[in-house]
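Below: the structure, in structure tokens.
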Amino acid sequence: MTPADPQSAISLAKIPPLPGVVLELLQSLDDGNANFNALAKKIGQDPALSARVLRVVNSPFYGLAGRVGSLSEAVMVLGFSAIRSLTLAASLTARFSLKPVAGMDPLLIWEHSFTCALAAQRLAAPAGQSPDTAFTTGLLHDVGIMAILVQAPDRYARLIEDCPDCDSRTAGEREAFGAGHDELGARLLAAWRLPAPIVEAVRWHHDPAQCDSRLADLVHVADLVAHERAGFGLPRAPAAITEAALARLGLDWRACGDVLGSIGDQVEALMHTMREAA
């Protein structure tokens with residue numbers, strides 16, 4: 001296989017970092033001593049970010065239309081965990097302004113990411129994982145694709161057309177861009193200094209047997225669930241890989257189906273803010 005031309009490789013240095021408050025939120029995932037009130041106040045100091053979060057909070061899904069006017073109220077009503085997740089989602093969509101390309105609707109990419117995040121969150125407790133960390137990792141699992149689409153959208157659209165299965169797509173990414181989207185995503189998250197378990201799970205979410213991480217197994221399974229709703233043209237991993245991940249988690253295919261049927265309204269709530277911002 002011909003190595004990627006250095007000029008065609010994806011430069012992660014061109015991807016702007018997340019706002020400081022969002023990085024603090026991510027670092028607070030496993031911090032039982034985090035000052036949630038102080039973090040909520042910091043979110044409130046970013047008008048654009050606050051507006052995006054409040055737009056979702058006041059969406060029909062939560063039944064609070066027009067009733068929540070501040071981040072402090074939102075935290076009181078929904079809890080800090082929910083607001084942290086919504087803030088991350090709002091910040092990511094603002095950071096990666098994806099444009100339509102041939103055969104690809106950027107809203108489907110976000111729908112896939114939101115679905116994966118919510119599926120991972122729902123499956124986390126039965127699998128013995130943190131729901132907050134699961135949501136965050138699911139939301140970030142394809143951040144490498146977003147990095148590619150920001151810099152080379154037309155080339156990636158052609159690659160999807162030419163790759164009929166997961167293995168050939170990953171190989172195609174490496175040839176065209178210097179690395180697969182899973183590796184690119186992990187490198188980007190490591191540069192942002194996200195927790196190591198999240199970085200590892202993103203790196204191996206297509207082949208979780210390569211690492212000893214139940215979080216990677218969980219995101220792999222959630223990715224499968226997300227493909228059932230919004231796959232944006234990308235092939236899934238072979239079923240045998242998913243069956244092995246399910247076995248390690250103590251889950252089964254029925255649990256996947258139940259989760260897919262239960263998160264539709266939440267996905268629509270998150271997509272609501274995307275459509276308004278488009």
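Here, each number is a calculation from the coordinates, and none is a lab measurement. Just so you know, these numbers come straight off a predicted model, no measurement behind them. Quick reminder, even Gly has a Cβ in these numbers, built from the backbone with ideal geometry, and neighbours come from all protein chains shown.
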| Ranked packing of 189-197, 208-216, most packed first, by mean Cβ within 10 Å | 208-216, 189-197
| query | So what is the diffusion coefficient of the stretch 79-138 in µm² per second by Stokes-Einstein at 25 °C and 0.890 mPa s, using a Kirkwood Rh over Cα pairs? | reply | 198 µm²/s
| What helices does the chain have that are whole DSSP H segments, at least 18 Å long along their own axis by Cα, and with mean Kyte-Doolittle hydropathy of 1.0 or more? | none
| field | Cα centre as origin, Lys/Arg/Asp/Glu Cβ charges: the stretch 70-227 dipole, Debye | value | 500 debye
| Where nothing but the Cβ of Lys and Arg (+1) and of Asp and Glu (-1) is charged, how large is the charge dipole of the chain around its Cα centre, in debye to the nearest 20? | 820 debye
| Can you sort 132, 154 by how many other beta carbons sit within 10 Å, fewest first? | 154, 132
| For the stretch 161-229, what does the alpha-carbon gyration tensor say about shape, rounded, prolate or oblate, given a ≥ b ≥ c as the root eigenvalues, a/c under 1.5 as rounded, and a/b over b/c as prolate? | oblate
| field | Descending semi-axes in Å of the stretch 97-278, equivalent ellipsoid built from Cα gyration tensor | value | 23, 19, 16
| task | Taking every pair of alpha-carbon atoms in the stretch 18-95, give the share separated by more than 16 Å as a whole percent. | result | 43 percent
